[in-house]
1. What are the residues in the stretch 216-237 that are open to solvent by 40 Å² or more (accessible area, probe 1.4 Å) and closer than 18 Å to Asn278 by Cα, if any?
2. Have a look at Gly224, Gly206 and point out the one that is of a type in the set (Gly, Ala, Ser) and farther than 13 Å from Tyr152 by Cα.
3. Quick one: Ala180 ticks every box in (1) more than 30 Å from Thr127 (Cβ to Cβ); (2) open to solvent by less than 30 Å² (accessible area, probe 1.4 Å); (3) of a type in the set (A, V, I, L, M) bar one, so which box is it?
4. Quick one: is Pro98 over 23 Å from Pro305 (Cα atoms), of a type outside the set (S, T, N, Q) and at pLDDT below 95?
5. Pairs only if they're at least six apart or on different chains, beta carbon under 6 angstrom, first in the stretch 258-274 and farther than 17 Å from Leu196 by Cα and touching a residue at least 40 places away in the same chain (Cβ under 8 Å), second of a type outside the set (A, V, I, L, M) and open to solvent by 50 Å² or more (accessible area, probe 1.4 Å); list them, first residue then second.
6. May I ask you to say which residue of Ser314, Ser286 is in a helix (DSSP H, G or I), surrounded by 14 or more Cβ atoms within 10 Å (Cβ to Cβ) and polar (S, T, N, Q)?
7. Tally time: how many residues in the stretch 125-146 are among the charged types (D, E, K, R), open to solvent by less than 10 Å² (accessible area, probe 1.4 Å) and under 27 Å from Arg201 (Cβ atoms)?
8. Restricting the stretch 242-275 to residues that are assigned to a loop (DSSP other than H, G, I, E, B) and crowded, with 17+ Cβ neighbours inside 10 Å, which is farthest from the chain's Cα centre (by Cα)?
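The values are calculated or read from the model by the stated rules, or taken from the named source; none is laboratory data. Bear in mind the structure is a predicted one, so any value in this text is a computation, not a measurement. In this analysis, Cβ positions are derived from the backbone assuming ideal geometry, glycine residues included, and neighbour counts consider all displayed protein chains. Each accessible area value is taken on the protein alone, full model and side chains, heavy atoms only, with ligands, DNA and RNA left out. Shrake-Rupley method; radii C 1.70, N 1.55, O 1.52, S 1.80 Å.
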Amino acid sequence: MAEGERQPPAPDSLEETLPASQNFIIPKKEIHTVPDMGKWKRSQAYADYIGFILTLNEGVKGKKLTFEYKVSEAVEKLVALLNTLDRWIDETPPVDQPSRFGNKAYRTWYAKLDEEAENLVAMVVPTHLAAAVPEVAVYLKESVGNSTRIDYGTGHEAAFAAFLCCLCKIGVLRVDDQIAIVFKVFNRYLEVMRKLQKTYRMEPAGSQGVWGLDDFQFLPFIWGSSQLIDHPYLEPRHFVDEKAVNENHKDYMFLECILFITEMKTGPFAEHSNQLWNISAVPSWSKVNQGLIRMYKAECLEKFPVIQHFKFGSLLPIQPVTSC
C-alpha cells in the first residue's frame, strides 16, 4: 500500500483471532430450498465471504502479477499443495471412452484428493491448529469440481475462496499475505483448474452458455479488473484485441482469462463470449470492477443452484451476522 494511502473500510476478515474454545465441525449443506437463500444472505458466512473477496479486490488494485510482494511460508506450502494436485493429473491420464466430454479418469484423480485432502491440509496448518484440519479440508475437496457429473463451475471456485478465507480465520494466512493469496495461490489454483478442465474435458457446471460471463471462473475477472484500474494505456476495449492480450497477459489475470477463452473456443469473440464483449464497451476499469462485483453477487452468490452446494461449519457459519 502506497504511503499516505488510506486503508479502505473493508471488512477485517483477513485476520481474526479465534476464540480459545473454538469447536470445529465438519461443514454441511444448509440451503435446501429456495426460501433458505434468505438465511444465506443474512449469515455470518456470507458477510465474511464477501468481505474476504472485497478485501482482496482492494489489495491487488493497480498491481501487476509481476509486482514484488511478500511470500510467507504458509503461501509457499499452499503452492506446494497445488503442485501436488497438478502432478496427480500427470499421473492420471485420460482414458479412452466413447463420449468426448467428462473423461472418467477425473474420478480416479478426485478419489485420490478425497483420500488425501486432510493430509494435504495438515501440511499447511500448524500442529496447534490440527483440530481445524477436517473442517478446512472439506472446502478444498469441494473446490475442484464434481466427480459424479465431472463438471466444474463458479460454486467450486467459491469453495476454494472459502478454503482460503478459513485459513485466514484460523490465522494461517495473514493480512500481509493478501497480494500473495491472489497472485500466487489463487493464480496457481487457476492453472491447475484449467489443466483439469482441458485434460478431462470437464463440463461447465450450471453454465448459462453464451449469456454467462465465462464457462468456469468468475473471481479472476473481478480481481483482474481491479489490477487494471488506472492503467496508463490499457482500457477495457483492449481486452478484445489479440495483440494487447498476447503482450500483457502475464501481468494481468483478466487478460490471462481472455487468452484461455480464445484458446478453448472458436468463432468470433462477440458470439462465444457475448457478456465479455459487452463489458469491453464499459469506459473504465473501475466501472468494470464495480459491475462485476454486482454481477457476481446476482449471478453466483444469489443463485440457488450455486449456493445449494455451499457448506457451513464453525468458521463460515449459517447463523445470522452478529452485530457488534
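1. Scanning the stretch 216-237 gives Glu235, Arg237.
2. Being of a type in the set (Gly, Ala, Ser) and farther than 13 Å from Tyr152 by Cα holds for just one of Gly224, Gly206, which is Gly224.
3. (1)
4. It is true that Pro98 is over 23 Å from Pro305 (Cα atoms), of a type outside the set (S, T, N, Q) and at pLDDT below 95.
5. His272/Lys265
6. On the way: Ser314 fails: in a helix (DSSP H, G or I).
Matching residue, one of Ser314, Ser286: Ser286.
7. Step one: filter the stretch 125-146 for residues among the charged types (D, E, K, R), giving 135, 141-142.
Checking which are open to solvent by less than 10 Å² (accessible area, probe 1.4 Å) leaves us with 135.
With the extra rule that they be under 27 Å from Arg201 (Cβ atoms), the set shrinks to none.
Of the residues in that region, 0 qualify.
8. Ser273
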